[in-house]
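Remarks on the structure that follows.
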């Protein structure tokens with residue numbers, strides 16, 4: 001009987017380690033996805049990182065026969081930048097990842113006429129990131145995230161005790 005207790009403790013520790021490793025993997029995935037998305041949004045918004053800025057982004061939208069009247073370019077650039085920040089922080093991760101996935105899926109469709117490979121500005125790279133972000137939307141962000149912190153706070157009352165509601 002004593003051996004069973006020892007194995008139960010090992011299983012519990014192993015489960016905790018798996019949860020922490022899974023959480024570290026999600027943190028890496030989330031920070032990478034947001035970190036890759038952020039300079040693209042800032043490039044469109046402010047012209048940073050060699051990006052086109054709002055006027056150049058407006059021209060890009062026109063080149064794809066997409067709506068480019070004000071405030072569409074500004075809203076899209078702010079959206080991309082905001083989604084990246086939310087992903088990095090792990091705030092509203094599932095929603096942010098889903099919207100970012102849709103944004104990149106639309107980009108993939110728009111670039112499909114250029115072929116598959118990104119070397120020819122094809123759909124490969126945007127589709128890869130759309131799928132990565134969709135996977136993140138399915139998995140969420142826990143345990144290393146603002147989402148996780150907010151969930152813990154909702155389970156505690158104002159004195160830091162478990163909420164029995």
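The table that follows gives values for the structure above.
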quantity	calculated
Residue under evaluation residue 50, criteria (1) surrounded by fewer than 10 Cβ atoms within 10 Å (Cβ to Cβ); (2) at pLDDT below 85, criterion not met	(2)
Residue in segment 61-78 that is modelled with the lowest pLDDT, counting only those that are surrounded by fewer than 16 Cβ atoms within 10 Å (Cβ to Cβ) and outside any loop (DSSP other than H, G, I, E, B)	63
Residue list for segment 142-165, restricted to those being within 24 Å of residue 26 (Cα to Cα), modelled with pLDDT under 90 and part of a loop (DSSP other than H, G, I, E, B)	142, 143, 144, 155
Pair list, Cβ < 6 Å and 6+ apart or interchain, from segment 86-115 residues that are touching a residue at least 24 places away in the same chain (Cβ under 8 Å) and on the phi > 0 side of the Ramachandran plot to residues that are surrounded by 17 or more Cβ atoms within 10 Å (Cβ to Cβ) and assigned to a loop (DSSP other than H, G, I, E, B)	90/141; 90/145
Residues of segment 116-141 classified as without any contact (Cβ under 8 Å) to a residue 24 or more places away in the chain and assigned to a loop (DSSP other than H, G, I, E, B), total	5
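The values are calculated or read from the model by the stated rules, or taken from the named source; none is laboratory data. All values derive from a computational prediction rather than experimental measurement. Using ideal geometry, Cβ is built from the backbone for each residue, glycine included, and neighbour counts are taken over all protein chains shown.
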